[in-house]
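The block underneath contains the structure these notes are about, expressed in structure tokens.
FYI, it's all coordinate maths here, none of it is from the lab. These numbers come from a predicted model, not from an experiment. When we count neighbours, we look across all protein chains shown, and the Cβ atoms used for this are built from the backbone with ideal geometry, even at glycine.
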Amino acid sequence: MTRISSISFALILLLFTFTGCQSESDTAATEADEAAETAEADEMQNVEWGYSGEGAPENWADISEDFAACDGQMQSPIDIPTGDNPEETSSISMSYEPAEGTLKDAGYVLQMDISGGTLTIDDKAYQLAQLHFHTPSEHTIDGTRYPAEVHLVHAADDGQLAVVGVMFEEGEENAALAEFWNNIPNIEEAGAVNFNAGSLLPDDRTAYTYSGSLTTPPCSEVVSWHVMETPVSISAEQLETLTNMHDDNERPIQPLNDRTVEVAEL
């Protein structure tokens, strides 16, 4: 073998060795990245969802596979645009009557489990199941956020939901809330209350309607939303009672994407 051939062979051998080492190094780096991602995913599985820290809304979809919908295209709440909203083509009606309700601290909201209400959309009945409060409001209207919002949650037999949202603005005492508000400081011993959920609605039943989701995990996109245009009053004292229990429990505004917001008279 000539000297030149020997040098060429050595160079080829060196190149082969370097390429092999580089390949092993790349493989090791990839495996390390995958291991880190797996460890991070496993760590997120142990995180509880909430409104701040690792469990904040921007991380909900990563906390559990069951929360994957939180990254969906039809998420709630939204900023509701007003102006040239088309009229809702569905036939919508509602009726409420007094019923026995149970107050509870649901961990992230003040909630009342209660029946006594029906929301009917195109002959499909949604029965009132519960109502709960967010402070401040989750939805905004033309960018305006209100001090609080109540959600009246109705469920159909097929698992689809219809939620009526009502905004609160600070002012006079809300007579409907006054019926059970004094029970909140001692909620664990409050027991049952007799309440008509319809008394929380404004006299003007104009609502903005759109297709959306639960505003908490699992963020299922199964909700027909009806957000009342007119707010109702809540006194400073009533609002304080609510925020003392839970505050800043609102999910950030989600993109409207290609959805349409319509107007309906309920």
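Okay, here's what the table says:
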{"quantity": "Most positive-pole-ward Cα, 220, 140, 207, against dipole of the range 64-265 from beta carbon charges", "calculated": "220"}
{"quantity": "Estimated distance in nm for a label pair at residue 221 and residue 90, the labels positioned 7 Å out from Cα along Cα-to-Cβ", "calculated": "1.6 nm"}
{"quantity": "Cα point-scatterer Debye curve for the range 64-265, base-10 log of I(q)/I(0) at q = 0.09, 0.17, 0.18 Å⁻¹", "calculated": "-0.31, -1.22, -1.38"}
{"quantity": "C-alpha center-to-center spacing [the range 160-198, the range 61-93] in angstrom", "calculated": "25 Å"}
{"quantity": "Protection proxy ranking of 130-139, 74-83, 235-244 - average other beta-carbon atoms within 10 Å, highest first", "calculated": "130-139, 74-83, 235-244"}
{"quantity": "Approximate spin-label separation residue 263-residue 125, in nm, with each point projected 7 Å along Cα-to-Cβ", "calculated": "3.2 nm"}
{"quantity": "Extension gain (nm, one decimal) between residue 102 and residue 54, 0.36 nm per residue minus Cα-Cα", "calculated": "14.1 nm"}
{"quantity": "Order by protection proxy (mean Cβ within 10 Å, highest first), peptides 206-219, 50-63", "calculated": "206-219, 50-63"}
{"quantity": "Residue-span extension gain [residue 245 to residue 46] - 0.36 nm each, minus C-alpha spacing", "calculated": "69.1 nm"}
{"quantity": "Alpha-carbon radius of gyration plus Dmax, which is the widest Cα pair, for the range 187-266 in Å", "calculated": "15.8, 46"}
